[in-house]
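None of the figures in this text is laboratory data; all of them are computed from the coordinates on show. Being a predicted model, the structure only gives us computed values, none of them experimental. Ideal geometry is used to build each Cβ from the backbone, glycine not excepted, and the neighbour counts take in all protein chains shown.
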Amino acid sequence: MSARDTLFAVLNVESLKNFLQGRMPEALEILRQMVGINSFTSNREGVNRLGKFTADCFAPLGFGAEFVPCTNDQFGKHLVLSRGGRSGRNIAMISHLDTVFPPEEESRNKFHWQPEGDLVYGPGTVDIKGGTVMMWLVLSALRELAPKVFEEITWNLLLNAAEEPLSPDFGDVCRRCFDNQTMAALVFEAGGRLGDDHLLVVSRKGRAAWRVVVSGRGAHAGGKHSHGANAIVQLGKTVERIAALTNYPRDLTFNVGTISGGTVGNRVPHEATAEGEFRAFTNEAYQSGREALLALAGPGDVRSPVDGHPCQVKVEIVNERPPWLHNALTDRLFQVWQQAGEELGLRISPEERGGLSDANLVWDAVPTLDGLGPWGDNDHCSERSADGSKVPEFVEVSSFVPKAALNVTAILKLIGGS
Ligand SMILES: [Zn+2]
């Protein structure tokens, strides 16, 4: 690699931007076609079709494709795109194939590719098909403008088939591509914005999904009311205790998401269930929340008046992903992007985000930075109301070029500086 290559983007900001601008029609056409393929997580066929289309888009850049079955066979296949470099040094780029929108919801809400001024509305425009297109733009620019650097590095593009339900096996797919020469895992979820500042994600909350099942004692509500131990009444008390574990100053939140129980009105109910989640940024808050939740298990305080038979409260953690903690390796990557921003006249700031991403799966293995996709908003929303109070997911078209220029410049600095 020559010093000239590393400096190229720095010295030729305008030609970099011109190159990227010239690729935008093709980038938007790729995005349009991706958005046209419904890839709701449970639409296995759609996810696989998008995977195939994505592989075709990157093939001209020299990427070979491998489709890896998800451990949950309800879901489509993960996609690994690789291009071997001359050196052992490698960089991972991470995105996902799935969206949260079932096909019926897309047609019911007429939610499809819809350009309007500088915005394009549509399912996955910013979460995360726009991010995958950002990867394509960045790699196209590197190949064209810094070919020696592009060919020196081994690139692994990792696309999760089931990111939205937090499929944990994708972490193993990523780790198989990591080694001690992995320079970074770059995650292309949407970028943030605060005033004029571009926000990159440097940590994310952890999340645990939980289930509480209360077993009481069923009884005839007329003849033997006092024999019953009412599971719903017990669950009502228990979910209030769970809700009270929320601690905003500690950024620890509990949500009771669903509740069900009982069978018919003339029975004292013998069973009731609630499900929900909790989230936290720090290990301390996460672990203390976990312990407090699990401590609610055991005999309850609702008992049968006849013999004191107590309701039993069972608490289980259904699945969990601990927080992506603040760490020095991420900070170092962030600084590279911040310096690149200075050269491009962009102010870059760090963001801690409440939602999870695949970064939660990989940050403890390799240096990780997230939020490298374009800017947009209202992800996970498909509704539009006449009064404008509901607006669906969109991406801002003009956010692609400056963000791609930032990513290209930063990647060149990262490679050149180590
Ligand atoms: Zn996403």
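Listed values, structure above:
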quantity: Distance from the range 360-418 to the range 294-347 (C-alpha centre basis), Å; calculated: 23
quantity: Simple spin-label estimate for K148 and F67 in nanometres, 7 Å along Cα-Cβ; calculated: 4.0
quantity: HN-Hα J in Hz across the range 166-172 - Karplus 6.51, -1.76, 1.60, θ = phi - 60°, x for Gly and Pro; calculated: 6, 4, x, 5, 5, x, 5
quantity: Set K148/K403; K205/K237; K77/K110; K110/K205; K77/K314; K17/K129 screened for pairs whose C-alpha atoms are more than 25 Å apart; calculated: K205/K237; K77/K110; K110/K205; K77/K314
quantity: Square roots of five times the Cα gyration tensor eigenvalues for the chain, Å; calculated: 46, 23, 19
quantity: Mean ellipticity per residue at 222 nm, deg cm²/dmol - from DSSP H runs of n ≥ 4 across the chain, formula -39500 (n - 2.57); calculated: -11000 deg cm²/dmol
quantity: Global form of the range 363-418, assessed from the alpha-carbon gyration tensor, a/c cut-off 1.5; calculated: oblate
quantity: Cα long-axis angle, helix 13-35 against the chain (0 to 90 degrees, to the nearest 10); calculated: 40
quantity: Cα-based helix-to-principal-axis angle, 400-416 vs the chain, degrees rounded to 10; calculated: 80
quantity: DSSP-loop trypsin sites (Lys or Arg not before Pro) across the range 57-147, with at most 10 other Cβ within 10 angstrom; calculated: K110
quantity: Cα centroid separation, the range 129-177 to the range 182-243 (Å); calculated: 32
quantity: Extension gain (nm, one decimal) between E342 and S385, 0.36 nm per residue minus Cα-Cα; calculated: 11.5 nm
